[in-house]
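Written below as structure tokens is the structure these notes are about.
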Amino acid sequence: MSDKKKRDLIGAIKEKGKTLEAEMSFFDHIDVLRKHLLRGLAVVVLLTIGAFWFSDFIFSEIIMGPKNPDFWTYRMMCKLTAAFPNLISSDFCITHIDAKIINTEMAGQFTLQINSCVMMGIILGIPYLLFEIWLFIKPALHDKERKSASGFVFFASVLFFIGLMFGYFIICPLSVNFLTNFTVSPDIENTFTISSYLSSVATLTIGSGIIFQLPVVIYILSKIGVMTPAFMRSSRRYAVVIILIIAAVVTPTPDIITMLVVALPLFLLYEGSIFISANIEKKRNKELYGVSKVNS
């Protein structure tokens, strides 16, 4: 065998070794991720089992709460109407929700109980799931990156539950009232299936919790240089239009006060994300300036 062929063979063996090493490294990471996911799943299952002990309270007080005219949000809306009659329309006070919820499947109510408990288990398990995600990505970070992201689990969990409460006490009841009373024709009666109602409540509440993760997402994107405060400021007008559309859809009346109740927290969330991105850019520019100054 010639020297050239020997060198080609050795090079091919080395290249194959690197490929196998990379594949093993990849599968090792998959195995580690699997362990984190299994631990998170185990916690969610335990919380779901625990939720079965309180299934009556979860269904009657939490799931069906936004349909009850005595719900906390509706009572506060009536108090605001009474306190500011010249500013807020009387339609803002909701005392009756004309909607009939039915079950059309034989196992529908049994499935409803299971789905309600699973949903509660997932919501309560979010902080631990975020903790497992942090444990997975932590070894790949440098000391500086690890230090700057040390509060990820806490802040992400707090923002999620704030968004969850905003969705449950603001977005959800206003949307339920609007959708149950909206009719194209008086000849059509609104009758909803329980699965449709549960899906709407879950989507509005959990969706709001996810939307409130915007500052965390902006923080990560700004850290890697994808998002800039200049881009967010230039897109502010589009964000304002989208927020106002969302507020107009979920509010039961066209009053500006009602729309602001929904829109203001979303405005603050967007402006807070701009502040976070600007602060990260400021620190990055300061570090670059310091490096260039030392080199000069």
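The numbers here are math on the coordinates, done by the rules we state, and not lab data. Since we're looking at a predicted model, the values are computed, not measured. Ideal geometry is used to build each Cβ from the backbone, glycine not excepted, and the neighbour counts take in all protein chains shown.
Numbers for the structure displayed
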read-out	value
Inter-site label distance for residue 240 and residue 210 at 7 Å from Cα along Cβ, in nm	2.8
For 91, 31, 187, order by how many other beta-carbon atoms lie within 10 Å, fewest first	187, 31, 91
Distant-in-sequence amide H partners of residue 101 (H built 1.01 Å from N, under 5 Å)	192
J(HN,Hα) series, region 164-181, from Karplus relation 6.51 cos²θ - 1.76 cosθ + 1.60, nearest Hz, glycine and proline x	4, 5, 4, x, 6, 8, 10, 5, 4, x, 5, 5, 4, 5, 5, 6, 6, 9
Extension gain (nm, one decimal) between residue 137 and residue 115, 0.36 nm per residue minus Cα-Cα	4.9 nm
Separation of alpha-carbon centers, region 85-158 and region 162-191, rounded to whole Å	19
Mean Cβ count within 10 Å, highest first, over the residues of peptides 211-222, 188-199	211-222, 188-199
Projected label distance in nm at residue 161 and residue 42, using a 7 Å step from Cα toward the beta-carbon	2.4
